[in-house]
Structures are given as C-alpha cells and as structure tokens.
Amino acid sequence: VTEFLLSNYTQPKELLFAIKELAFLGGNTNTGKAIMHTAETFFVQENGGRRGHPRVMLVLVDGWPSDDLEPAAMLARESGINVFLVSVAKPAAEELGMVLDKDFIKKAVCKDNGFFSYSIPSWFSTTKHVRPLTERICSLDGLLCSKTCYNSVNIGFLIDGSSSVGYTNFELVLDFLAGIARSFDISDVGARIGAVQFTYDQRLEFGLFDHPNKEDVVSALRRIPYMSGGTSTGSAISYASQKCPNAGRGRNFLIVVTDGQSYDDVRGPAMAAHRQGITVFSVGVAWAPLDDLRAMSSEPKEDHTFFTREFTGLTDFIQPLVRGICKDFTDNN
C-alpha cells in the first residue's frame, strides 16, 4: 500500500505528521512485493524522483520475510536504488526453521559488504540508532548502487559504412543501434553515446557530449548519412578509441558493427583499446571473418563476439548485448 509518494510532502512538519498518521496494517511480511512496488513506483519523475540524485530505499523488517525478495532486490539494484535493510528483533533460534531464506539480508541489500545491513535488537531501542543510520544513508561515497550499467557507461558505436553494406542494410544497422541506445538512461549525468562511421576514412557522426538525452541520440542515429567506400576497421578502432569512450567518468564500451574483412590490421588497434580500458564488442554480418571479430573482441571472446548471416538478424542481438554490457559493468565495479 502506498501511503504517500516522494512528491507529496516538501516540508518536514507535514512529512512527520503524515508518518505519525500511518495506520498499522497487519498481515504477512511480504518484503519482496514491497521492494518491487517501491522500486517500480517511487523513483519515477512524475512521483518525485529527481535525476542526478541518489535513490535510497530503507526497508524495516521485524523478523523475516514471508516471500521471495531476490527478484525484487535485483530489480532495485539494476534501477540504481541503494537498498538498506534494517532488521529489528531477529528471529530466535527456535524460529529459524520457519525462515524461508536465512540469507535474505544479503540478497536484499545493495551490496553484501556490511554497510547496507543494520541490526537493531528490539523496537524499544530504535531511537538511538537514528543517527548512525542517517550517516550511512547520507554517505554519498558509500551508495554503491547509484551507479548502474544503465546510467554510468560510455558507449561508442563504430559503424561500417562500406559499399558492401548498401543503403537498405545500413538502415537496419541504424535500427539495431537505436534499439541498444533505447536501453540506457542517457542524460548529462547518466549514460553517454557517440557514433563513428568508417570506410577507408572515419567520420565522427556525434560525440559523447553532443546529445544529452535518449530521444536526441536515437534521432541523431537515424539521420546518419551512408558513406560507402572500403573497409579499414583497424584504423577506425584507433580513431573511435580516441573520439568516443573518453568522457572521464563511467566504464567505456565500443560496439563494432561490420559486414566484411578489414583491409588493415585489427589486432593491434583492438589490443590498444583493451589496454585503454575499453571493452569491445564485435558484431559481424554476412562476410565478416570470425577471426577478425574475435581479434577485436574483449575477453572472454565468446561473450563479446556476435555474428549473423543476415542484417535482419541484428535485432536478435540487442538484449544479449545490453546484458553483456551490464555483466561487464557489474563484474568490474
């Protein structure tokens, strides 16, 4: 049950009065459902969520949850919500047999590092724990879940514009990249996306700082004119490594889309990009050699290399690529 939203009260006195007026509901401890409801409802802009501000959820549990909270906690983490769980009056030894998941605290919190979990022995001693809890919540450096793969990545699109692609297929490539872009929270304080098209030459279509929102990025992708020409993927990787993933914040990714063999070496430029901390995904179509694709990709190769015979098959890679970026982000943060 939503008692009030972030946008309902702006004055401390009004908020305190609203809290004191809350009525006791009773019933089961459906912590998972509560976290899911809060994650889906509270932090959207129309309900008071503010872009660029940390998202914090403080969960008070008496005893133990009566439902599965892991999926809800995962959604909260992916949404950039810092979940703190305060356990009041832990279950007694004879009650442990009734606890569905003894690791529920570890699974619920933002990170299982001790910072996001807090234990209070009884409800009679809660007031003396207000200050230490407040200090944790207000510790910006400690709010590790504020940064997610959706709002803290820099992604460069490296687009093959060679003659073998053709106008129709080039539009399919742009559709594919627009689908990836839509998956991220693009803003001046969030994810950033840039694009480079290449043949023998390279052309910066737009940089990471050129378009501060998702709609502008998708629109800019749609407007990219097809170049036509040869294929020098190695030089393009070197160029894109300098032009795109260089925002000074967040993790850096480069997605290379090509349909043929490069006329120059791809291994050297790709290794240089890897050393710069750029994670490279290669997406090959039609005649793109698997050896070149694997040479460009980051390790493990099988997780960063994609291939399809037809340009129409590119859309099947949108979600696997987004999941791959999120996995790399999570594993390295």
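Some notes on this structure:
- With θ taken as phi - 60° and the Karplus curve 6.51 cos²θ - 1.76 cosθ + 1.60 applied, the whole-hertz 3J(HN,Hα) list for segment 309-316 is 6, 10, 5, 5, x, 4, 4, 5 Hz, x standing for glycine and proline.
- Cross-link pairs beyond the 24 Å C-alpha cut-off, checked among LYS102/LYS327; LYS33/LYS90; LYS111/LYS147; LYS301/LYS327: LYS102/LYS327
- In the list (1) 121, 50, 32; (2) 74, 43, 32; (3) 90, 52, 47, the label attached to Cα extents along the principal axes in Å as derived from the coordinates here is (2).
- The peptide list 251-264, 102-115, put in order of mean Cβ contacts within 10 Å with the highest first, becomes 251-264, 102-115.
- Two-site label geometry, LEU140 and ASP265: point separation in nm, points 7 Å out along Cα→Cβ: 4.5
- Percentage relative contact order, the chain, counting C-alpha pairs under 8 Å, at least six apart: 13
- Convex hull of segment 153-331 built on C-alpha atoms - directionally averaged projected area, nm²: 8.4
- Long-range HN-HN contacts of GLY63 with modeled amide H, under 5 Å: VAL88
- Of GLY63, MET74, LEU133, farthest towards positive along the dipole that unit charges on Lys, Arg, Asp, Glu beta carbons give segment 12-144: LEU133
- Database remark: amide H of ARG55 closer than 5 angstrom to the amide H of ASN82 (H placed geometrically; neighbours at sequence offset of 5 or more, or on other chains; Pro and chain starts carry no H).
- Cα pair distances exceeding 19 angstrom across segment 168-270, given as percent: 42
- Neighbour-count ranking [beta-carbon atoms within 10 angstrom, fewest first] of ARG203, ARG223: ARG223, ARG203
- Under-5 Å amide H pairs with GLY194, H placed in peptide plane, nonlocal only: ILE155, GLY156, PHE157
- Fully extending the segment from LEU25 to THR10, taken as 0.36 nm per residue of separation minus the present Cα-Cα distance, adds 2.9 nm.
- Here, segment 284-333 is characterised by an Rg to Rh ratio of 1.01, where Rg is the alpha-carbon radius of gyration and Rh the Kirkwood radius.
Readers should treat all values here as calculations from the given coordinates under stated rules, not as data from a laboratory. Just so it is clear, the model here is predicted, and its values are computed rather than measured. Note that each Cβ is placed from the backbone with ideal geometry, even for glycine, and that neighbours are counted across all protein chains shown.
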